[in-house]
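Novice: Just passing along the structure, written as structure tokens.
Please treat every number below as a calculation from the coordinates, not as lab data. The shown structure was predicted, so the numbers you read here are calculated from the model rather than taken from an experiment. So basically every Cβ, Gly included, is an ideal-geometry build from the backbone, and we count neighbours across all protein chains shown.
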């Protein structure tokens, strides 16, 4: 892959994606290890050495695995990093994305930056004394990554229904942003993981549409598209919340601030055209920054209809074609993908997926593979991704 260094180690594969920009992306995809804790510990030792060698600061960290391996994963992480590592006490979003073999740890995704201490700082964002994210403050803009935003009740209170939790989740994200001098219109990208998505996805979208409308994000004819890019997928979490969310927001009003373009796709109907409030992707560019955030993408056509029901090969093939069409106007190619998540409804479709990827010369694409429901019962595959530039 262009700009990626790939290596295999005992129990996992690791990709380091860096293309001369200050941003850096690490992907670890685990095999089926006989000892998950040992493999996790070994992977984080490798991660710690890369972070130290490259002088990186981590701004977002996510792990996928079964919930019954959550404590095992955190223990392996702590042991691998050691108490002296700056990453040891950092935030982690842990999502139940079961590995292809059933139970265990599927993978790790880390977004980091090379921060110039003379001009930039990376710091922890707190709310009421609790860490909620990281901020990369630069001369031209500040990038904010929020993690594990949820809408749970106060301790001792009755649990909220899923729709009420989703509303509280969005309002909490806005509260955090306002404490940083921003509001929700600064949001560029969200990653939203819903427990039992197929049972209440319509209710979730009702809440999001209403709030985004109140915040002035819903598209008006002829107006600039402002909806954030997003992933919306099934994913349980250790908090036992109905949904959790990670957020990327960018603040900066100077002429040197990065340009942010929310993307549409000639091969797909815009999601807001069928009452789903997100864009197909987000293009951030300016100065030494260049990235394309690729929303969760599946085999949906120009009319908003699901394609090829029951045919995983055709769905995967179409999804790659759609992603390729989305990022091409940004100067990016599929080979520029720096990190991806592949969501398979059935692990039985893994070999088909690998065959399609090989046909596109993407056999070594940096990706974490998980088994998870997509937002429509007939959809068998979804992917989201990040492409870091500069692009050709």
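Novice: Just checking, how many residues over region 142-154 are in a loop (DSSP other than H, G, I, E, B) and buried (at least 21 other Cβ atoms within 10 Å of the Cβ)?
Specialist: Count: 1.
Novice: So residue 324 ticks every box in (1) without any contact (Cβ under 8 Å) to a residue 40 or more places away in the chain; (2) surrounded by 21 or more Cβ atoms within 10 Å (Cβ to Cβ); (3) touching a helix residue (DSSP H, G or I) at 6+ places or on another chain (Cβ under 6 Å) but one. Which box is left unticked?
Specialist: (2)
Novice: Of all residues in region 123-141, count the ones that are surrounded by 20 or more Cβ atoms within 10 Å (Cβ to Cβ) and outside any loop (DSSP other than H, G, I, E, B).
Specialist: Of the residues in region 123-141, 4 are surrounded by 20 or more Cβ atoms within 10 Å (Cβ to Cβ) and outside any loop (DSSP other than H, G, I, E, B).
Novice: For residues that are touching a helix residue (DSSP H, G or I) at 6+ places or on another chain (Cβ under 9 Å), outside any strand (DSSP E or B) and touching a residue at least 40 places away in the same chain (Cβ under 8 Å), tally how many sit in region 52-73.
Specialist: Number of matching residues: 1.
Novice: May I pose another question? Among 233, 250, 192, 197, which is over 28 Å from residue 377 (Cα atoms) and within 19 Å of the chain's Cα centre (by Cα)?
Specialist: Exactly one residue qualifies, and that residue is 250.
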